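Asks: Have a look at the structure that comes next, please.
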Amino acid sequence: MGLVPLTAVAGGLLALLIGLAFTMLLRSIIGLGESAAAGRHAQTALAQARTVEGLVVDLETGQRGFVITGEKQFLEPWQTARTTFSGQARQLVRLSTTPGQKILAQQIRQAGESLIHAHSIPLVAAASRGDPRARGVAATLDGKRRVDALRKQFDRYESAQEALVATRESAADSDAREAVVAGSIGLTGSMLLIAGFAGYVIRAVVWPVRKAAGVASRLAGGDLTVRMSESGRGEIGQLGTAFNTMARSLGESREQARSAHDRLGLLYEASIAIGTTLDARQTAQELVRVLVPRFADFVTVDLALPVLLVDEPLDEHGACARRVALGGVRDDPPLDPVGSRIALATATAAVVPDLHTSWAWQARHGRQAGRLLEYGMHSLITAPLYSRRTLLGTVGLWRADNPGPFAEHDLSDAGEIAAKAASAIDNALSYAREHDTALTLQRSMLPHSLSPPDGIEIAHRYLPASDAGEVGGDWYDVAAMTSGRAALSIGDVMGHGIPAAAVMGQMRSALRALARLDLAPDQLLHQLDRTMQDLESPILATCLYGVCDTAANLCRFARAGHPPPALITPDGTARLVDLPSGAPLGIGGISYTTTEIPLAPGTVLVFYTDGLVEAREYDLDERLDELTRLLAGVHPSLEELADTLVDRLAPAPAQDDIALLIARVGTATPR
């Protein structure tokens, strides 16, 4: 057989081996693409599952808030969650990637609709009618059981999706290994097949094929920059062209995938990192930390002055702002520093890809434009911070060290992140306004000075909660009665915010009026309970009331669901006073008990609200033990004792209002 037939046979076998290698390589590449697509689909399903889970949280939170407070404003998130749950749950079923996941998603949908129709809607309806069972333990436990079951289903669903993503990644690794093996087999087979041919065969077939195999191995290994020479003859030249075209295509696809992954990662990080606090300035700083250097080299955040001065109304298009955040890859940018007054002029998002050729931008910024260009700034995005059609501020994103200019898709990402930040800033503004309003109302209703009768020394403290939603209903009062007698009282209206503060004011006024009738403590609480029931919006409250008689050396107490008082004897022994607890005021039909406690001259009584001793991370009994430990001993100064209790027991930040009233009975009142 001549050289030509042998070459043809060897070439045919070589082509077959190379074809097999390329088939395995392409199959691996396709598998990689399919695995990436499956991973994105699984991530979409995970995001949808979290959306549906968020609706369950909104439903349960709105329902619980309405049942507890009766305020219809809690029904707005509840109504939204109730009406959108079914559609979002069906979308989750459609996005589920396996039959098992679809079944679990269907179970989640059915359990959620059962929670809405079998529990939540009837419970809200019952609460609207004033049915006391709506606030009962049975209804609460039933709702908790249903919500806990749903959360377990969500956990199972998310675990299964994450396992599926891991499986897809493992398949991609396997495809890559197969591609490497295929390339190696093709190379080895080619070398063995044509090793006996000399000269022309080696020069015309072996060397070009060896180069092709090397390129295939590098390509399979992920080196998409590799290229083949396209100067070969016939099929060899075509093979080089095909390799180079495929490498360029794969490189472009990988860059697009990397870009999409980076964009999704940035948006996800922004969704969890922005808005972690209820402070507008901190939210602006969080925005800077998310964007630098991942998206921009320098970021500025300017907020309208009404946003920073929460007692001023927002204009439709506020013109004045102050820079509240500035950050970048370097510390010396020629940008206006934090605290500078800025003119807001951006009502829509805009991108300037090249600042050097934007004459409009240069004319608008004058000399500062020259300094910025000299510094290296070359591309800019400005995005407004809008919430409910109100301009809250502006975000500026600059590139200098990063040579790539901003593009239109970057403008879209910046707009989404700015919208997230604007929503968080608007929430912070709303909370701050409500906090200031509730705190002002609360403090205006508390006594500014207490004038106890001779023989009783008084110290008092009030600390508002850090959270705007927690400020509200704690109060205390001291009322002088006949000579040597005084009424001491402290209470806590259940609920928070402005409504609780308003009820607190009515309750304190009613108690002071009843105290002047010189009723026994149990009778006074009974009358106060009836007064609470007559309020336009019935609400529950706790109260501790005592009448101290310095002449008789005793005090008569009654309490309505309030924490018991503490007592310090003249020798420094501290203990909690054992009193019948009674039911909270506002329930109706409850009788209370008066208890007489003898008091030696110099005895100290300590009244407090639950915010002083209750903390989420501590056991209540441990906190009460800590209270009595701090009270033990002789305390010449009640003011110092009050400061000690607040400093040592009050959580930071305060999770609830704290009211504290301390009285020393049987001593001369300082003048």
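Asks: Please work out which one of (1) touching a Gly at 6+ places or on another chain (Cβ under 8 Å); (2) modelled with pLDDT of 90 or more is the condition residue 349 fails and give its number.
Replies: Against the list (1) touching a Gly at 6+ places or on another chain (Cβ under 8 Å); (2) modelled with pLDDT of 90 or more, residue 349 comes up short only on (2).
Asks: Inspect segment 101-118 for any residue being modelled with pLDDT of 85 or more, under 25 Å from the mean Cα position of the chain (by Cα), farther than 25 Å from residue 168 by Cβ and small (Gly, Ala, Ser) and give the result as yes or no.
Replies: no
Asks: Run residue 554 past the list (1) farther than 25 Å from residue 455 by Cα; (2) open to solvent by 10 Å² or more (accessible area, probe 1.4 Å) and report the number of the one that doesn't hold.
Replies: Answer for residue 554: the failing condition is (1).
Asks: Hey, another quick one. Wholly within segment 46-139, which helices (runs of 4 or more DSSP H) include no fewer than the required count, namely at least 1 residues that are closer than 30 Å to residue 159 by Cα?
Replies: Once the helices (runs of 4 or more DSSP H) in segment 46-139 are filtered for at least 1 residues that are closer than 30 Å to residue 159 by Cα, what remains is 75-95, 99-114.
Asks: Could you please let me know if residue 300 is at pLDDT below 90, open to solvent by less than 30 Å² (accessible area, probe 1.4 Å) and touching a Ser or Thr at 6+ places or on another chain (Cβ under 9 Å)?
Replies: Working: at pLDDT below 90: no; open to solvent by less than 30 Å² (accessible area, probe 1.4 Å): yes; touching a Ser or Thr at 6+ places or on another chain (Cβ under 9 Å): yes.
Against the criterion (at pLDDT below 90, open to solvent by less than 30 Å² (accessible area, probe 1.4 Å) and touching a Ser or Thr at 6+ places or on another chain (Cβ under 9 Å)), residue 300 does not qualify.
Let's see how each residue does on (1) polar (S, T, N, Q); (2) in contact (Cβ under 8 Å) with a residue 40 or more places away in the chain:
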{"position": "569", "(1), (2)": "yes, no"}
{"position": "572", "(1), (2)": "no, yes"}
{"position": "592", "(1), (2)": "no, yes"}
{"position": "604", "(1), (2)": "no, yes"}
{"position": "620", "(1), (2)": "no, no"}
{"position": "625", "(1), (2)": "no, no"}
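Asks: Only residues that are modelled with pLDDT of 95 or more and among the polar types (S, T, N, Q): list them for segment 570-592, please.
Replies: 573
Asks: Kindly provide the set of residues from segment 64-79 that are of a type in the set (S, T, N, Q) and either surrounded by 15 or more Cβ atoms within 10 Å (Cβ to Cβ) or within 13 Å of residue 121 (Cα to Cα) (or both), ordered by number.
Replies: Of everything in segment 64-79, those that are of a type in the set (S, T, N, Q) and either surrounded by 15 or more Cβ atoms within 10 Å (Cβ to Cβ) or within 13 Å of residue 121 (Cα to Cα) (or both) turn out to be 69, 79.
Asks: Determine whether segment 414-431 contains at least one residue that is part of a strand (DSSP E or B) and modelled with pLDDT of 85 or more.
Replies: Checked against the condition, which is being part of a strand (DSSP E or B) and modelled with pLDDT of 85 or more, segment 414-431 yields no hits at all.
Asks: Further question: Look through 161, 153 and report the one residue that is assigned to a helix (DSSP H, G or I), of a type in the set (S, T, N, Q) and at pLDDT below 80.
Replies: Matching residue, one of 161, 153: 161.
Asks: Among the residues of segment 360-401, write down those that are open to solvent by less than 30 Å² (accessible area, probe 1.4 Å), out of contact with any helix residue (DSSP H, G or I) (no Cβ under 7 Å at 6 or more places or on another chain) and in contact (Cβ under 8 Å) with a residue 60 or more places away in the chain.
Replies: Matches in segment 360-401: 390, 391, 394, 396, 398, 399.
Asks: Something else: Can you name the condition, by its number, that residue 404 falls short on among (1) in a loop (DSSP other than H, G, I, E, B); (2) open to solvent by less than 20 Å² (accessible area, probe 1.4 Å)?
Replies: For residue 404, the exception is condition (2).
Asks: Sort out for me the strands (runs of 3 or more DSSP E) sitting completely within segment 594-671 that have 2 or more residues that are on the phi > 0 side of the Ramachandran plot.
Replies: Of the strands (runs of 3 or more DSSP E) lying wholly inside segment 594-671, none has at least 2 residues that are on the phi > 0 side of the Ramachandran plot.
The values are calculated or read from the model by the stated rules, or taken from the named source; none is laboratory data. If you're wondering where the values come from, they're calculated on a predicted model, not measured in any experiment. FYI the Cβ positions are ideal-geometry reconstructions off the backbone, even for glycines, and counts take in every protein chain you see. What goes into the accessible areas is simple: the full protein's heavy atoms, side chains included, and nothing from ligands, DNA or RNA. Shrake-Rupley method; radii C 1.70, N 1.55, O 1.52, S 1.80 Å.
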